[in-house]
Amino acid sequence: MDDYTLPSTIWDIIVLGTGVKPSLLSVALSRAGKKVLQLDPREYYGATETAFSIDELEQWAKSPLPPFSHIGTERIGEITRPRGYTLALAPHLVYWGSSLLELLREVKMTSSFTWQAVGSWWVYLPEPAMEERPATGIGGLLLDAGVKAVKAAAAVKKKGGWNKGRKKRKDVDVDTEASAAASEASKPTTEATETQSPAGPEAPEVTLSDLTAEATSTAPSGSTLRKLGTFREVPCTFEDVAFSPDLQDRDRGYLGGFLRFLMKCADPTDVKHQEILQKNSETSFSEFLSSEYPLPTWTIASLHSLTLLQTPPAETKLKDAVQALITHLTSIGSIPDIRSSAALTIAYGGSAELTQVWSRGTAVSGGLNVLGRGITKIVGDTVTLSNGEVVTADWILVPEEDPETHETSETESTTEATTKATNSTVSYTKSIHLISSPLNPLFTRKLETDRIPPNAAVLTFPVGSLCTSAGLTNTAPVYIIAHSSATGECGKDESVLYTSTQILKDDGGYEFASAAVRRVLEEIGSDGNGTTPEVKFVCRYTQKFPVGDDEEEMVAQETEEEEEVKGRIVKIKGMKGGLAFDEGTVESCKRVYERIIGTKEGFLRMTEQMRRQYEEIEDQ
Amino acid sequence: MSSEGAPKPSSSVKLVLLGEAAVGKSSLVLRFVNNDFQENKEPTIGAAFLTQKCNLPTRTIKFEIWDTAGQERFASLAPMYYRNAQSALVVYDITKPTTLLKAKHWVAELQRQASPGIVIALVGNKLDLAGPPDASSPGEEEEEDRRAISTSEAKAYAEEEGLLFYETSAKSGENVQAVFEAIANAIPESTLKPKTVGTRQGMGQEQPVRVDFDAERGAKEGCAC
Ligand SMILES: Nc1nc2c(ncn2[C@@H]2O[C@H](COP(=O)(O)OP(=O)(O)O)[C@@H](O)[C@H]2O)c(=O)[nH]1
Ligand SMILES: [Mg+2]
């Protein structure tokens with residue numbers, strides 16, 4: 001770092017940290033005309049959401065600081081360009097209907113990133129698991145809804161966004177399509193249900209031909225659910241349900257019914273379904289499913305994988321699962337280039353790329369980024385930097401929990417009220433595996449109409465499907481996010497597998513991850529002539545994340561008399577540990593922005609000057 | 001047999017600027033894009049990049065010029081800055097020896113990290129501050145020669161590393177157009193694909209097919225050409 005003195009000692013806002021939230025706030029405030037100084041004691045951008053080369057990962061592993069622990073790396077194969085990799089600590093999936101994409105579209109920032117599609121979800125399901133059925137009988141509560149639902153499947157193509165990907169919608173404006181899809185999906189489908197004859201209280205009598213007729217009318221290409229070794233593609237559309245070779249007709253009815261149920265839950269004005277959700281708020285996902293939709297056990301794991309939740313189905317709250325499934329289902333079918341996909345991933349390190357682009361955005365709009373410099377002391381509006389420089393700011397934004405940026409002994413005295421914020425956290429066990437094969441079968445097109453192939457995939461290992469050498473079986477699902485080299489994260493003939501589970505290291509977390517990766521390599525990686533690809537490099541680590549409601553964060557840092565003091569500190573909570581980009585991020589940053597600017601209006605919007613330049617460039 | 005008005009093939013090329021603060025990077029861009037120069041100019045505010053066309057006899061190159069936005073002063077530039085760059089202007093100030101050292105550091109960094117086929121130009125700026133080329137009469141008072149890095153030294157280094165080399169003045173405009181034209185000419189035809197930014201990246205694979213947010217809009221406006 002070049003040790004220039006800062007061009008000014010007086011700033012409107014000091015942002016400490018270059019993770020996703022600090023970077024977003026930094027660029028948004030800078031674009032709002034504030035003089036922003038963004039600092040990070042680390043020598044790289046991205047903080048806990050950064051991406052590293054192999055050399056850098058090895059370096060990072062040597063001195064783990066919270067929220068990271070138990071970091072280990074291992075080079076196994078030969079690595080010719082260790083600096084060329086971009087391995088992500090936060091390879092988040094970004095749902096097409098997410099608030100992040102909505103924001104980026106709004107401010108014309110989507111083109112600052114290279115987007116790759118996340119293809120199918122795959123579940124590891126050995127044969128015995130396929131035969132299990134729950135002992136529970138048929139529940140009554142939702143049967144009516146379920147039966148009608150599948151019968152009404154034909155109406156879905158007209159009303160719902162979940163399936164409409166199979167239609168050509170050339171004339172739809174991309175920018176509005178996702179929201180249109182979401183609102184379409186949440187429209188009550190009254191006509192559909194009304195046209196149906198009243199269904200009896202028996203198991204739904206949906207015949208295969210009913211569903212296939214519907215599905216083929218919307219998918220001329222006719223897709224079937226695929227199988228890769230023991231991995232089965234997760235059915236997540238009515239069409240998938242209709243074609244799944246693993247489902248019996250009765251199951252098709254229940255599964256279709258459940259999808260229908262989700263669509264109704266997505267509609268906040270559907271009082272009946274909101275009540276059902278309310279009443280079952282503490283019910284677990286698996287309990288609800290097995291009592292209301294007695295599907296084979298594997299389907300529960302399969303559906304649960306779409307939630308990307310780390311808890312096992314029996315410990316996943318229905319409302320959390322429903323919310324996650326709605327996100328998935330309202331996104332699928334809307335991406336113009338690839339209708340079979342629901343989510344995207346950002347090339348070159350996932351959310352790390354967001355932090356770099358946004359931090360640069362701060363500089364471009366007149367702010368200043370300083371790496372390798374932190375804060376040692378905050379008193380009132382006066383901030384002492386780690387190199388001894390003293391500056392002032394009206395607002396100081398600091399990460400809530402981050403030892404590398406939290407050397408602020410004096411902050412405590414000015415901010416007593418802060419620690420009441422729920423300090424609950426959860427730890428996940430993660431790993432990054434570099435694979436000596438492109439794992440092509442994972443990255444092939446599902447539908448003939450998909451214009452581009454996916455370059456990411458999700459694989460799940462349900463509870464009980466993995467075993468350690470000590471004979472332990474996994475008590476929670478193990479997820480793998482697979483990335484092809486098109487993400488720019490590895491070499492052409494390689495791929496990267498990112499694993500995540502809530503099973504901690506001491507309970508076999510790392511071993512389960514290795515076992516899961518091994519399964520993938522054996523069943524998907526083998527190239528026909530019997531050679532199984534190998535792991536060339538692995539990094540394992542444990543990371544602590546905040547949990548709880550977003551509403552509780554960003555506690556106001558000033559008491560009445562401190563209002564007199566100019567300096568105001570806002571503590572920024574870290575991102576949550578989900579595999580998808582934390583949906584609360586944009587809103588929580590907007591709330592901080594509102595505190596400072598007075599309105600959420602105009603958040604991240606281009607300045608006038610930028611807009612003019614942008615238009616000039618567009619015109620050329 | 002091309003018709004009279006047929007447009008020349010046109011391609012976008014990402015060009016990044018590198019070099020120590022205050023060597024004149026932003027000034028070179030301002031000269032090239034707006035044919036303007038400002039003494040003591042504030043760092044660029046506003047655009048993530050500027051564009052400027054360069055017409056060659058057989059094709060048109062549209063430079064997408066990325067400036068550091070001052071990030072080089074206190075931070076290492078993020079990798080996203082030079083990722084997929086097909087060309088780079090590594091600038092030093094001929095009156096400040098340390099700036100050439102810094103330039104060499106950047107050249108090494110690009111050779112390690114950037115796209116394999118990247119075209120790099122080494123540019124010694126502030127040529128107007130140097131005395132007349134053959135300063136046989138150092139007695140002349142008014143035109144003080146502030147040159148601290150000789151042309152031959154920098155040129156030798158550039159040749160060794162296979163870089164284009166120019167000495168420029170953003171102030172007078174001398175050689176500015178020439179540098180950009182030289183880069184445009186040096187971009188290998190094979191790496192030029194219409195409408196893509198960067199065809200190769202760090203690990204040496206082809207630019208991947210990616211999700212296009214404008215896919216649908218393009219179809220709507222019927223400009224499939
Ligand atoms: N004499 C002279 N001054 C220059 C030249 N180019 C830039 N400058 C001055 O050098 C200073 C730094 O220029 P700037 O373009 O901001 O450098 P950057 O930090 O590399 O972008 C400014 O005061 C410019 O006016 C040049 O060719 N000749
Ligand atoms: Mg500059």
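Descriptive notes on the structure:
- Test for B:Lys96: is it within 13 Å of another protein chain (Cβ to nearest Cβ) and either surrounded by fewer than 23 Cβ atoms within 10 Å (Cβ to Cβ) or at negative phi (or both): no
- Selection status of B:Ala88, within 16 Å of ligand 1 (Cβ to nearest atom), buried (at least 21 other Cβ atoms within 10 Å of the Cβ) and without any contact (Cβ under 8 Å) to a residue 40 or more places away in the chain: no
- Within the stretch B:79-119, tally of residues that are assigned to a loop (DSSP other than H, G, I, E, B) and within 16 Å of ligand 2 (Cβ to nearest atom): 1
- Of all residues making up the stretch B:7-50, the number that are within 13 Å of ligand 2 (Cβ to nearest atom), surrounded by fewer than 18 Cβ atoms within 10 Å (Cβ to Cβ) and of a type in the set (Val, Ile, Thr): 1
- The lone exception for B:Asp145 - which of (1) modelled with pLDDT under 95; (2) away from ligand 1 (no atom under 14 Å from the Cβ) it fails: (2)
- For the stretch A:11-111, the helices (runs of 4 or more DSSP H) that sit wholly inside it and include 3 or more residues that are crowded, with 24+ Cβ neighbours inside 10 Å are A:20-31.
- Output for the stretch A:279-294, where each listed residue is of a type outside the set (Ser, Thr, Tyr) and buried (at least 24 other Cβ atoms within 10 Å of the Cβ): A:Phe285, A:Phe288, A:Leu289, A:Glu292
- With respect to the conditions (1) away from chain A (no Cβ under 14 Å); (2) within 19 Å of B:Leu164 (Cβ to Cβ), B:Phe37 falls short on a single one, namely (2).
- Close pairs from the stretch B:23-37: first of a type in the set (S, T, N, Q), partner outside any helix (DSSP H, G or I) and within 9 Å of ligand 2 (Cβ to nearest atom), Cβ under 6 Å, at least 6 apart: B:Ser26/B:Thr44; B:Ser26/B:Asp67
- Scanning the stretch B:42-99 for residues being of a type in the set (Asp, Glu) and more than 23 Å from B:Gln177 (Cα to Cα) gives a total of 1.
- Hits in the stretch A:297-308 - residues which are touching a residue at least 24 places away in the same chain (Cβ under 8 Å) and over 12 Å from A:Pro462 (Cβ atoms): A:Leu306, A:Leu308
- Pick from the stretch B:111-134, criterion surrounded by fewer than 19 Cβ atoms within 10 Å (Cβ to Cβ) and closer than 16 Å to B:Asn84 by Cα, ranking: farthest from the other protein chains (Cβ to nearest Cβ): B:Gly117
- Selection status of A:Ala321, within 14 Å of another protein chain (Cβ to nearest Cβ) and under 20 Å from A:Asp582 (Cβ atoms): no
- Filtered residues of the stretch B:47-74 (kept if away from ligand 1 (no atom under 14 Å from the Cβ), at the interface with another protein chain (Cβ under 9 Å from one of its Cβ atoms) and of a type in the set (Val, Ile, Thr)): B:Thr51
- A:Lys430 part of a strand (DSSP E or B) and of a type in the set (D, E, K, R): yes
- In the set A:Gly388, A:Gly367, A:Gly361, A:Gly380, only one residue is free of Cβ contacts under 8 Å to residues at least 12 places away in the same chain and either within 13 Å of another protein chain (Cβ to nearest Cβ) or more than 35 Å from the chain's Cα centre (by Cα) (or both); that residue is A:Gly388.
- Scanning the stretch A:112-125 for residues that are within 14 Å of another protein chain (Cβ to nearest Cβ) and in a strand (DSSP E or B) returns A:Trp115, A:Gln116, A:Ala117, A:Val118, A:Gly119.
- If you go through the stretch B:51-75 and keep only what is within 16 Å of ligand 2 (Cβ to nearest atom) and closer than 16 Å to B:Val90 by Cα, you end up with B:Ile65, B:Trp66, B:Asp67, B:Thr68, B:Ala69, B:Gly70, B:Gln71, B:Glu72, B:Arg73.
- Among the residues of the stretch A:590-614, just one is in a helix (DSSP H, G or I) and exposed (fewer than 10 other Cβ atoms within 10 Å of the Cβ), namely A:Glu608.
The values are calculated or read from the model by the stated rules, or taken from the named source; none is laboratory data. What you see is a predicted model, and the numbers here were worked out from it, not measured in a lab. Note: ideal-geometry Cβ built from the backbone for every residue, glycine included; neighbour counts use all protein chains shown.
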